[in-house]
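See below for the structure under consideration.
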Amino acid sequence: MAIVPEYTKLGGHGLAFTIAASKDLKALPRQYLGILNATNMGNSSDNLVAVEFDTVQNLEFQDINDNHVGIDINSLNSTASVPAGYYIDGVGLVKQNVSLKSGETILVWIEYDSVEKLVNVTISLSSKKPSLPILQLKVGALK
């Protein structure tokens, strides 16, 4: 993926990779990322999981900053989120920060382990996948 905002310093609302039980999301654009709206936020019957790549800090959704990766379950209030980056292999837990709105190509791996019920999100600026994910979350069974 690459996020190339019209105004480099301002960013935008980012994007989200989404898994949903229905393609009829009744979603709004902008801060709702095209996956939810004000009336269905937090509705557990939506069966929606999204990995968001956000370049604006939206206080409405308790975003941690204006450059983060989050895992959202039935809401845009991330269940887990971290500043964007990746761990450098062979250097312990040294993290390389990544600017999501830089326009650079960012490779993304989103994996779900149904046995462990674990979502892993890994990003990198190269085609080599780092061995440690930047974000992981134990979740219930995804439908």
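Each value in this text was obtained by applying a stated rule to the coordinates, not by laboratory testing. It should be emphasised that the depicted structure is a prediction, and the values quoted were computed from it without experimental measurement. Here the Cβ positions follow ideal geometry from the backbone for every residue, glycine too, while neighbour counts run over all protein chains shown.
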**Fill in**
Ordering 114-122, 47-55, 61-69 by per-residue average of other C-beta atoms within 10 angstrom, highest first, gives 47-55, 61-69, 114-122
**Prompt:** Rounded, prolate or oblate: which fits the stretch 66-127, taking a ≥ b ≥ c as square roots of the Cα gyration tensor eigenvalues, rounded meaning a/c under 1.5, else prolate when a/b beats b/c?
**Reply:** oblate
